[in-house]
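Trainee: One structure coming up, written as structure tokens, with questions to follow.
The values are calculated or read from the model by the stated rules, or taken from the named source; none is laboratory data. Quick caveat: nothing in here was measured; it's all calculated off a predicted structure. Positions of Cβ are backbone-derived with ideal geometry, glycine not excepted, and every protein chain shown enters the neighbour counts. Note: accessible area is taken over every heavy atom of the protein model, side chains too, but ligands, DNA and RNA are not part of it. Shrake-Rupley method; radii C 1.70, N 1.55, O 1.52, S 1.80 Å.
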Amino acid sequence: MGFNNWNSTGCGPQFNETMVKGIADLFVGKGLKAAGYQYVNLDDCWALPQRDAAGDLVPDPVRFPGGIKALADYVHSKGLKFGIYSSAGDHTCDVKGFPGALGHEQQDANLWASWGVDYLKYDNCNNRGIDARTRYRAMGDALKATGRPILYSICEWGGNAPWTWAPDLGNSWRTTGDIGDGWASMIGIARADRGLAPYAKPGAWNDPDMLEVGNGGMTDTEYRTHFSLWAEMAAPLMIGTDLRTASQATLDILTNTDIIAVDQDPLGIQGRVVSDSGGLVVMSKPLADGSRAVTLTNESSADATLTTTTEALGIGGASSYTVKDLWSKAVGTSTGTLGAPVPRHGTVMLRVTPGTPVVPPAGLDHVSDLPLVAANNGWGPAERDRSNGEAAGGDGRTLTIRGVRYAKGLGAHASGDVSLALGGACRTLTTDVGVDDETFGRGSVVFQIFRDGVKVADSGLLTGRDPAKRLTADLTGATTLRLVVTDGGDGNASDHADWAGPRIACGNGPSAGPHQLSDLAWSSAVNGWGPVEKDTSNGEQAAGDGHPVTIRGTRYAKGLGTHPAGEIVYYLGGACRTLTTDAGVDDETGGGGSVTFQIWTDGVKAADSGRLTGSGPAAHLSADVTGAVELRLVVTDGGDGNASDHADWAAPVLTC
């Protein structure tokens, strides 16, 4: 959370030392710091067009007569953090051609660290066509080598699907091109970003670009939608208006602490679409206390009433719910049905809290995404999706056991105990367990799983030198689940205990009989370009922009339109037997594109098309899915980039 000057000043003369200090003062004086905003960031045009004789960047002495270090010191004196800008190219993006950091990564990183920089926005202009991962990894390594904590914001614009590789390099990644101060731009970016929810996690975020709130191109209703959706998507909240002239209405939007709490919730899950029809969109975001943040967004041009249910939100089963409107502050109750009239381009944002513990929804769920009834730890808090760093929340690292990294899991510390309510709805739990690599081989832990007070799995003693161990527990009929870690008998120093990739299967799979996959609800769906489409091809942009699924002249009434890198996940619950489908590149590419289609069941590849091109026929795939809990349909590019890779799963039939 912070401020960036670009959306309000660009490279204009008003961007200078006085402005930046004024913003820092307003953060404190107007309550923005108290609301959670931390970073005061410079964008392009802060430097001179040429490096000095030593090759160092030189701050513009007219804009910043005191220099950047003095400015950073001033920002720090207010209890705030300071950010700077560069580009992974020879020059930055402004037409004046300020120096980029390509080939100067360590030199520039060292200079910024010496100035006290806390944040880097790293753009993508003038990059010589060099591979994006190579360029962004070089700067990430350089920042780490300085020894100074610097938040790394990768601004690659989404062209190379950074959500698939940037989590290993930085803390956030732009998912699209630049935002504009208008409804069409803002809502278009929101639509693109909301399909990328599975890639977001604590410390690694989809970034739909800076806020335009207060810049004048939208109504206050539209700006409230803008702020609501960015919070629902767990996006960075970077103010882009000149706070020195901001209206009270703008400040009221930017300092709505209920909305900010949703954005900053420690569970760190991006909200997902529950329903989307005719421009009426409902999203649900799980929160750490077991509640859900819900957005009811009316993208249409006429007022409308939006409705949903707690069952659809994933928290059905409670006898009553407390419902708080996060804009009006009205508080009410519900027994399961939710709804509100919403003006055109408006959003009603609710926090829905069940009155009793809610069991996990049907499907294959990551334990770290579920509400915990209780969590106790030997040192520091239990961490979601990162190791236990022993002190403050969020001080851990990516869960890693003997070099294997896990995106999801729980970081515990002996003696630790985590409890969940199951309500008799779940079937199995599968997890890897082990001592995290950050202990450098030290520590010893015992992991145990209890179902309704009865131990059903035990790892035995594991040390910091042992490989991860796989535990599986039968949870059929259980009402409670406890995950317990105890020290291995040598004291609990360095007992950083990882529940790595724990997944719990709950509820029943599809009903008996044949099903067109496009008629079933998926657990998750991600796509390289645009959303996954049902019964049409993928048109790369907005939902519904595809055409009838067609491969070498054969049209299919049913199917799924995807685009590499893409993955669709279905929960089967052990109820199904076979999947059959045609697969190929859609005719709308005009013969271009190349794709590989793969079918996976419970982490095992069950079918592979090999490389298919836009000029070749469809391939017929068949997979045995007997007993599988999870089905994954994966498309990857054929090795020549993902241009024109309109990948059709044509008439896929699942028999259960």
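Trainee: Since R503 meets every condition but one in (1) at pLDDT below 95; (2) in a strand (DSSP E or B); (3) open to solvent by less than 50 Å² (accessible area, probe 1.4 Å), which condition does it not meet?
Mentor: Condition (3) is where R503 drops out.
Trainee: Can you pull out the residues in the range 562-578 that are of a type outside the set (S, T, N, Q), surrounded by 24 or more Cβ atoms within 10 Å (Cβ to Cβ) and within 28 Å of A161 (Cα to Cα)?
Mentor: Correct list: H563, P564, G566, Y570, Y571.
Trainee: Could you tell me which residue of the range 366-383 is farthest from A493 (Cα to Cα), considering only residues that are open to solvent by 30 Å² or more (accessible area, probe 1.4 Å) and part of a strand (DSSP E or B)?
Mentor: Only one residue fits best here, namely H366.
Trainee: What strands (runs of 3 or more DSSP E) lie completely within the range 506-587 and have 2 or more residues being within 27 Å of V358 (Cα to Cα)? Full working, then the answer.
Mentor: Working: elements: 514-516, 524-526, 549-551, 554-556, 559-562, 566-571, 578-585.
Per the criteria, 524-526, 566-571.
Trainee: Only one of L481, L475 is open to solvent by less than 20 Å² (accessible area, probe 1.4 Å) and touching a residue at least 60 places away in the same chain (Cβ under 8 Å); which?
Mentor: Values: L475 fails: touching a residue at least 60 places away in the same chain (Cβ under 8 Å).
Of the residues listed, the single one that is open to solvent by less than 20 Å² (accessible area, probe 1.4 Å) and touching a residue at least 60 places away in the same chain (Cβ under 8 Å) is L481.
Trainee: Consider D168 against the criteria (1) at pLDDT below 95; (2) closer than 28 Å to E212 by Cα: it satisfies all of them except one. Which criterion is unmet?
Mentor: (2)
Trainee: Still on this structure, I have one more. Under 8 Å between Cβ atoms, which residue pairs at least 6 apart in sequence (or on different chains) link something in the range 272-290 that is farther than 12 Å from L350 by Cα with a partner that is open to solvent by 50 Å² or more (accessible area, probe 1.4 Å) and modelled with pLDDT under 95?
Mentor: Every condition considered, the pairs that remain are V274/A312; S275/A312; D276/A543; V281/V273; A288/P266; G290/P357.
Trainee: Additional query: Of all strands (runs of 3 or more DSSP E) completely enclosed by the range 397-495, which ones contain at least 1 residues that are of a type in the set (V, I, T)?
Mentor: Details: elements: 399-401, 404-406, 409-413, 416-421, 426-435, 444-451, 454-463, 469-474, 480-487.
Of the strands (runs of 3 or more DSSP E) lying wholly inside the range 397-495, those with at least 1 residues that are of a type in the set (V, I, T) span 399-401, 404-406, 416-421, 426-435, 444-451, 454-463, 469-474, 480-487.
Trainee: Kindly evaluate G553 against the criterion of being open to solvent by 10 Å² or more (accessible area, probe 1.4 Å), free of Cβ contacts under 8 Å to residues at least 24 places away in the same chain and not hydrophobic (A, V, I, L, M, F, W, C).
Mentor: On the way: open to solvent by 10 Å² or more (accessible area, probe 1.4 Å): yes; free of Cβ contacts under 8 Å to residues at least 24 places away in the same chain: no; not hydrophobic (A, V, I, L, M, F, W, C): yes.
Answer is no for this residue.
Trainee: Could I ask something else about it? Within the range 195-208, identify whether any single residue is out of contact with any Lys or Arg (no Cβ under 8 Å at 6 or more places or on another chain), at pLDDT 95 or above, open to solvent by 10 Å² or more (accessible area, probe 1.4 Å) and outside any loop (DSSP other than H, G, I, E, B), and answer yes or no.
Mentor: Within the range 195-208, one or more residues are out of contact with any Lys or Arg (no Cβ under 8 Å at 6 or more places or on another chain), at pLDDT 95 or above, open to solvent by 10 Å² or more (accessible area, probe 1.4 Å) and outside any loop (DSSP other than H, G, I, E, B).
Trainee: Within the range 9-16, can one find any residue that is closer than 19 Å to L237 by Cα and out of contact with any helix residue (DSSP H, G or I) (no Cβ under 9 Å at 6 or more places or on another chain)?
Mentor: Yes, the range 9-16 has at least one match.
Trainee: On to the next question. So how many residues does the range 38-75 have that are within 31 Å of the chain's Cα centre (by Cα), open to solvent by less than 60 Å² (accessible area, probe 1.4 Å) and without any contact (Cβ under 8 Å) to a residue 60 or more places away in the chain?
Mentor: 6
Trainee: OK, next. Of all residues in the range 337-353, count the ones that are buried (at least 23 other Cβ atoms within 10 Å of the Cβ) and closer than 21 Å to S419 by Cβ.
Mentor: 0
Trainee: On the basis of being open to solvent by 30 Å² or more (accessible area, probe 1.4 Å), in contact (Cβ under 8 Å) with a residue 60 or more places away in the chain and within 24 Å of W165 (Cα to Cα), does P266 make the cut?
Mentor: yes
Trainee: Tally up the residues in the range 515-538 that are in contact (Cβ under 8 Å) with a residue 60 or more places away in the chain and more than 20 Å from the chain's Cα centre (by Cα), please.
Mentor: Counting residues in the range 515-538 that are in contact (Cβ under 8 Å) with a residue 60 or more places away in the chain and more than 20 Å from the chain's Cα centre (by Cα) gives 7.
Trainee: Could you please find all residues in the range 67-93 being over 17 Å from N5 (Cβ atoms) and not hydrophobic (A, V, I, L, M, F, W, C)?
Mentor: G67, K69, D73, H76, S77, G79, G89, D90, H91
Trainee: Tell me, yes or no, whether the range 181-199 has at least one residue that is over 20 Å from W529 (Cα atoms) and in contact with a Phe, Trp or Tyr (Cβ under 9 Å, 6 or more places away or on another chain).
Mentor: No, the range 181-199 contains no residue that is over 20 Å from W529 (Cα atoms) and in contact with a Phe, Trp or Tyr (Cβ under 9 Å, 6 or more places away or on another chain).
Trainee: Could you look through the range 354-365, keep only residues that are assigned to a strand (DSSP E or B) and either open to solvent by 50 Å² or more (accessible area, probe 1.4 Å) or of a type outside the set (A, V, I, L, M, F, W, C) (or both), and pick out the one that is farthest from R503 (Cα to Cα)?
Mentor: P354
Trainee: Going by the conditions given, is S185 open to solvent by less than 10 Å² (accessible area, probe 1.4 Å) and among the small types (G, A, S)?
Mentor: No: the conditions fail for S185.
Trainee: For the range 296-336, enumerate the residues that are under 30 Å from T479 (Cβ atoms), touching a helix residue (DSSP H, G or I) at 6+ places or on another chain (Cβ under 9 Å) and exposed (fewer than 14 other Cβ atoms within 10 Å of the Cβ).
Mentor: T335, the sole residue that qualifies.
Trainee: Continuing with the same structure: For the range 98-110, check the following and say yes or no: at least one residue is of a type outside the set (V, I, T), crowded, with 22+ Cβ neighbours inside 10 Å and within 30 Å of A35 (Cβ to Cβ).
Mentor: No; the residues of the range 98-110 include none that is of a type outside the set (V, I, T), crowded, with 22+ Cβ neighbours inside 10 Å and within 30 Å of A35 (Cβ to Cβ).
Trainee: Looking at (1) under 29 Å from L151 (Cα atoms); (2) of a type in the set (V, I, T); (3) open to solvent by less than 50 Å² (accessible area, probe 1.4 Å), which is the only condition V404 fails?
Mentor: Of everything listed in (1) under 29 Å from L151 (Cα atoms); (2) of a type in the set (V, I, T); (3) open to solvent by less than 50 Å² (accessible area, probe 1.4 Å), V404 misses just condition (3).
Trainee: Across the range 414-471, which residue is surrounded by the most Cβ atoms within 10 Å (Cβ to Cβ) among those that are acidic (D, E), under 23 Å from G491 (Cβ atoms) and within 31 Å of the chain's Cα centre (by Cα)?
Mentor: For the range 414-471, the residue satisfying everything is D436.
Trainee: Could you list, ordered by first residue, the pairs with Cβ atoms under 7 Å in which the first is in the range 15-26 and open to solvent by 10 Å² or more (accessible area, probe 1.4 Å) and the second is in a helix (DSSP H, G or I), at least 6 apart or interchain?
Mentor: E17/L71; K21/Y74; G22/R244; L26/L32; L26/L243; L26/R244
Trainee: Of all residues in the range 221-263, which are among the polar types (S, T, N, Q), surrounded by 20 or more Cβ atoms within 10 Å (Cβ to Cβ) and assigned to a loop (DSSP other than H, G, I, E, B)?
Mentor: T241, N256
Trainee: Mind counting the residues in the range 615-637 that are open to solvent by 20 Å² or more (accessible area, probe 1.4 Å), assigned to a loop (DSSP other than H, G, I, E, B) and not aliphatic (A, V, I, L, M)?
Mentor: Residues that pass the stated criteria total 4.
Trainee: Now, a different point. Select from the range 165-182 the residues that are open to solvent by less than 30 Å² (accessible area, probe 1.4 Å), in a loop (DSSP other than H, G, I, E, B) and in contact with a strand residue (DSSP E or B) (Cβ under 6 Å, 6 or more places away or on another chain) and list them in ascending order.
Mentor: Scanning the range 165-182 gives G170, T175.
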